[in-house]
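The values are calculated or read from the model by the stated rules, or taken from the named source; none is laboratory data. Note that this is a predicted model, so its numbers are computed, not measured. Every residue, glycine among them, receives a Cβ derived from its backbone with ideal geometry; neighbour counts consider all protein chains shown.
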Amino acid sequence: MANITRFAIAMERRGEEVERGTIFAMQKGALAIGTALVMSTPVLTGNARGNWQMSLGLPADKEIGRLDPSGATTIAAMTGVVSQMRPGGGLSSRVFITNNVPYIAKLNAGSSPQAAAGWVERAVIAGSAAVEGVGGQLFRRRF
């Protein structure tokens, strides 16, 4: 009976580790993709770069009017959002990255000489690649 109890306790701890590791991987992935999007955004005034918004649960639906030519303020705001993710968060663990400036699609189509068409897609791929293998690193420990 003691072996079953120890096993149950070990499984519960392992489940908690997996949950924490999953949240960590989601945080790392969301921030890597968000950072790649922000830093890939062509800059004239910093309005498009500053209007990347990360949210949990539902996508942002408004332009926020933040001018951020360097991207530092926007990335800091994203960091704050991912830090709110918690195990068992349900829908609030769904991460959205949006940009509601009316010309963002035009920028992604190549209207700026600063970035070739498709820079959004390339940023998402680059951000995703930055977190490949995170799961393997987190869950190598055997029980």
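Annotation: residue 109 fulfils all but one of (1) within 19 Å of the chain's Cα centre (by Cα); (2) surrounded by fewer than 19 Cβ atoms within 10 Å (Cβ to Cβ); (3) in a helix (DSSP H, G or I); (4) among the aliphatic types (A, V, I, L, M); the unmet one is (1). Exactly one residue out of 33, 104, 64, 23 is under 24 Å from residue 128 (Cβ atoms), over 15 Å from the mean Cα position of the chain (by Cα), surrounded by 13 or more Cβ atoms within 10 Å (Cβ to Cβ) and not small (Gly, Ala, Ser): that is 104.
One line per residue, one yes/no per condition, for (1) free of Cβ contacts under 8 Å to residues at least 40 places away in the same chain; (2) closer than 15 Å to residue 104 by Cα; (3) of a type in the set (Asp, Glu):
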position	(1), (2), (3)
9	yes, no, no
12	yes, no, yes
15	yes, no, no
30	no, no, no
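Contact map, the stretch 37-52: residues that are without any contact (Cβ under 8 Å) to a residue 40 or more places away in the chain paired with residues that are crowded, with 24+ Cβ neighbours inside 10 Å and assigned to a helix (DSSP H, G or I), Cβ distance under 7 Å, separation 6+ or inter-chain. Pairs shown: 49/38; 49/74; 50/74. Residues in the stretch 64-88 that are more than 15 Å from residue 52 (Cβ to Cβ) and without any contact (Cβ under 8 Å) to a residue 40 or more places away in the chain: 1 in all. Is it true that some residue in the stretch 79-87 is modelled with pLDDT of 95 or more and part of a loop (DSSP other than H, G, I, E, B)? Scanning the stretch 79-87, I find no residue that is modelled with pLDDT of 95 or more and part of a loop (DSSP other than H, G, I, E, B), so the answer is no. Taken as a whole, the condition of being exposed (fewer than 15 other Cβ atoms within 10 Å of the Cβ) and not acidic (Asp, Glu) does not apply to residue 51.
Scan the stretch 91-106 for residues that are at pLDDT below 95 and either part of a helix (DSSP H, G or I) or touching a Gly at 6+ places or on another chain (Cβ under 7 Å) (or both) and the total you get is 4.
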